Amino acid sequence: MLRIRHPKDFWAGVLFIAFGLTAFGIALNYPLGTAGRMGPGYFPRGLGLILAALGAILVIRGMRLPGEQIQWGSARPLLIVLGSVVLFGLVVAKLGLVLSTILLILTSSTASMEFRWKAAVISALCLAAFVVAAFVYGLKLQLPALPAFMG
Amino acid sequence: MELFDNLAIGFQVAFSLQNLFYAFFGVLLGTLIGVLPGIGPVPTIAMLLPITYTLPPVAALIMLAGIYYGAQYGGSTTAILVNLPGESSSVVTCIDGHQMARQGRAGTALSIAAIGSFIAGCFATLLVAAFAPPLAEMALKFGPAEYFSLMILGLIAAVVLASGSLVKAIGMIVLGLMLGIIGTDVNSGLQRYSFGIPELSDGIGFVAVAMGVFGFAEIIINLQHTGVREIFTKNVSGLWLKWKDFKEALPAILRGTGIGSVLGILPGGGALLSAFASYTIEKKMAKDPSRFGKGAIQGVAGPESANNAGAQASFIPLLTLGIPPNAVMALMVGAMTIHSIQPGPQVMTSNPQLFWGLIVSMWIGNLMLVVLNLPLIGIWVKLLQVPYRLLYPAILLFCCIGVYSIQNNVFDVLMTVLFGLLGWIFVKLECEPAPLLLGFILGPMMEENLRRALLLSRGDPTVFLTRPLSAVMLVMAALLLLIIVAPSIRKKREEAFQEPQEAV
């Protein structure tokens, strides 16, 4: 009976095998060439196989040696932090830097367990003023400060 | 003396008003992010890379270098006062530094850390100046076979010296190499792994990888932990060192400087490893090892000197061979390519102003850092009282603006989020992200040199062994692997990394 005894090694191995075999599979479409005249498929195929082999070692080790459980922790910070960045990326060109900064700071602040509205709002306003001064006027980045319909 | 002529060029460049300003800005920012736990030099440099487009190359590199060694100074402040490593390389400083603070000797600990770092910085600057030219001369004779073997050696050394599982670390390198070849193949013009997405035809931006894997993932991890911080800020006094303290610490400073200089040059080395090694050695050398962990001044002086020497010495492989020995140097490669400077032995001859200016700026930067960190310590202490819940949204914001402004493109932001997620998974699975970034930077170079080497040898793979320099490097790489697999040494290596960590 096989079971996962070292989940960190086991799943890292699964991840490597998945990446390695996918990369190898895709590289099959690229010309291989010969060692002396390498095609674009030569190096990636080799790497894909090496990665899959390393993954296999980890999977086997993960079933033999004992190890700690994976502590995934709360999903809340993960989703909120990454989500608020996606939101910023999607709206910054349309809403401008001021509004998207306020949006990013307010949404991402809620990821902390010590979240407080008042402090977050003050910090959002200060940072919005600072980044507009520093990046739009100071460094002259190609970012609009105000929403498209207002500028 | 050629060395002095060269240094004279360097002083001319580094003392221009503009470069002094950027060196100051770099070390200031470095100290800032060093003091703040939860953001390190890698995401900071990644964040600033897009902005350096507009600067002259010398100013850009001087600033970015300042961030790296500046962070080594700032990191010790947090380690001593809060018992948190402001910078990963200050982990060991927490042990004795924080104990000193508890005994009311915070001022002494801070001073010895800064003075040790300064001595180490001066020495390492001289070392770079002295060793870089002969190394670069040797590297000029390298062919593609030597370069390929050198990269193998560098990557292997990087994982051998790192902590954690060897198989995982090699896997992370290979994964990084594969991510590095995404985009248009230079030889055939074929698009590899771009899945028909036009933004991927130039490859993944390393800013997205570095910021996602190091910056975002770190923030998420920090938010998942909750801990109480205990800050010793009230009694920072007595910054003037007593002669007795200095005399006690000096040998440790000198040893730390030596260790840092040697380990910094090695691929995979740099600040973190040097600090660990120095602490272990100081403990071994001490007449009374039991004082360590209870506020031994050597336990602060040694590692703090070592991490600064290591940080600066790691510029040697970058500037002479074009091979980045750690993640920060990998980003410096990026910074140089932005300004279309190909890192490698030719930099010194084709761009002497840049090369020597950068080196001299390090010495000036160290001088500025002593001033920034000792008399102005009060400002940094204040900064430590800013709670993390206000800090991380601001870090996120600067990351977002940095990534977005590379090409004014949402795609890069989304890639960073993807790598943030990947980075978080890697941390949970105990896969170290630094080798991934190294592989990512070296991927295209490695493929190109492998190709050329085998083209020249008409497909004969023995070329790597018949060319003597290449063979030596491969044998060294193989020996390193063998050593690490050998059980007895493996145990020692684990101990060396375990010991200081457990004591924190």
Amide proton proximity set for B:L55, modelled H, under 5 Å, gap of 5+
none
Mind listing the long-range amide H neighbours of B:R192? Cut-off is under 5 Å, sequence gap 5 or more, other chains count too, H placed in the peptide plane at 1.01 Å from N.
B:G183, B:T184, B:D185
Where does each of A:R116, B:R451 land when they are ordered by accessible area, with a 1.4 Å probe and the largest first?
A:R116, B:R451
Before rounding to the nearest 500, sum -39500 (n - 2.57) across all DSSP H runs of length at least 4 in chain A and divide by the residue total; then give [θ] at 222 nm in deg cm²/dmol.
-22000 deg cm²/dmol
So for the pair A:A129, A:A53, with labels modelled 7 Å out along Cα→Cβ, what separation do we get in nm?
6.2 nm
Using the Karplus curve 6.51 cos²θ - 1.76 cosθ + 1.60 with θ = phi - 60°, what ³J(HN,Hα) values do you get for each residue of segment B:458-470, in whole Hz, with x for Gly and Pro?
6, x, 8, x, 5, 4, 5, 9, 7, 7, x, 4, 5
Accessible surface, 1.4 Å probe, highest first, among residues A:Y137, B:Y22
A:Y137, B:Y22
What ratio of Cα Rg to 2.2 N^0.38 Å holds for segment B:340-484?
1.55
Enter the mean number of other protein chain beta carbons within 10 Å of the beta carbon of each residue in B:47-56, as an integer.
1
For segment A:7-64, fraction of C-alpha pairs farther apart than 17 Å, in %:
42 percent
Interchain or long-range residues, amide H under 5 Å from A:M38's placed H
none
Share of accessible surface on carbon and sulfur in the protein assembly as shown, whole %, 1.4 Å probe and ligands ignored, is 68 percent
Rg in Å to one decimal, and Dmax rounded to a whole Å, for segment A:76-150 via C-alpha atoms:
12.7, 36
Using a 10 Å cut-off on Cβ to Cβ distances, tally the other chain neighbours for every residue of A:24-30 and report the average as a whole number.
2
Rounded accessible area of B:I441 (nearest 10 Å², 1.4 Å probe):
20 Å²
Bins of 20 Å from zero: percent of alpha-carbon pairs in chain B
24, 59, 17, 0
Considering the Cα positions of segment A:13-151, please state its Rg to one decimal place and its Dmax as a whole number of Å.
23.9, 66
Normalised by the number of residues in chain B, what is the relative contact order in percent for Cα pairs under 8 Å and 6+ residues apart?
28 percent
Entries in B:K247/B:K283; B:K244/B:K284; B:K247/B:K382; A:K8/B:K168 that, when Cα-Cα distance is taken, lie over 19 Å
B:K244/B:K284; B:K247/B:K382
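Where does each of B:C122, A:C126, B:C400 land when they are ordered by accessible area, with a 1.4 Å probe and the largest first? Show your work: numbers first, answer last.
Numbers: B:C122 35, A:C126 80, B:C400 0 Å².
These residues rank, largest area first, as A:C126, B:C122, B:C400.
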Leaving ligands, DNA and RNA out of it, work out the accessible area of B:K283 with a 1.4 Å probe and give it in Å² to the nearest 10.
70 Å²
Percentage relative contact order, segment B:76-207, counting C-alpha pairs under 8 Å, at least six apart
11 percent
Inter-chain Cβ neighbour average for residues A:56-66, partner chain, 10 Å
1
The answer for segment A:7-64, accessible area per residue at 1.4 Å probe in Å², is 43 Å²
Shielded residues, segment B:184-222 - accessible-area loss of 40 Å² or more between chain alone and all protein chains, probe 1.4 Å:
B:L190, B:R192, B:Y193, B:I220
Taking the highest mean first, how do the peptides A:104-115, B:290-301, B:378-389 order by number of other beta carbon atoms within 10 angstrom per residue?
B:290-301, A:104-115, B:378-389
With θ set to phi - 60° and the Karplus curve 6.51 cos²θ - 1.76 cosθ + 1.60, what are the ³J(HN,Hα) couplings of segment A:81-97 in order, to the nearest whole Hz, using x for Gly and Pro?
4, 5, x, 5, 5, 4, 4, 4, x, 6, 9, 4, 5, 8, 8, x, 5
How large is the helix-only mean residue ellipticity at 222 nm for chain B, computed as the sum of -39500 (n - 2.57) over DSSP H runs with n ≥ 4, divided by its residue count, in deg cm²/dmol to the nearest 500?
-24000 deg cm²/dmol
Leaving out ligands, DNA and RNA but keeping every protein chain, what accessible area does A:V98 have, in Å² rounded to the nearest 10, with a 1.4 Å probe?
40 Å²
Excluding residues fewer than 8 positions from A:K140 in its own chain, the lysines with Cα under 19 Å of it are A:K94
Please give the per residue accessible area of segment B:342-417, computed with a probe of 1.4 Å over protein heavy atoms only, in Å².
33 Å²
For the protein assembly as shown, what size does the Cα cloud have along each of its three principal axes, sorted from largest down, in whole Å?
69, 65, 65
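The values are calculated or read from the model by the stated rules, or taken from the named source; none is laboratory data. Remember, it's a predicted structure, so these values are computed and weren't measured experimentally. Every residue, glycine as well, gets a Cβ built from its backbone with ideal geometry; the counts of neighbours run over all protein chains shown. Accessible surface areas use protein heavy atoms only, side chains included; no ligands, DNA or RNA. Shrake-Rupley method; radii C 1.70, N 1.55, O 1.52, S 1.80 Å.
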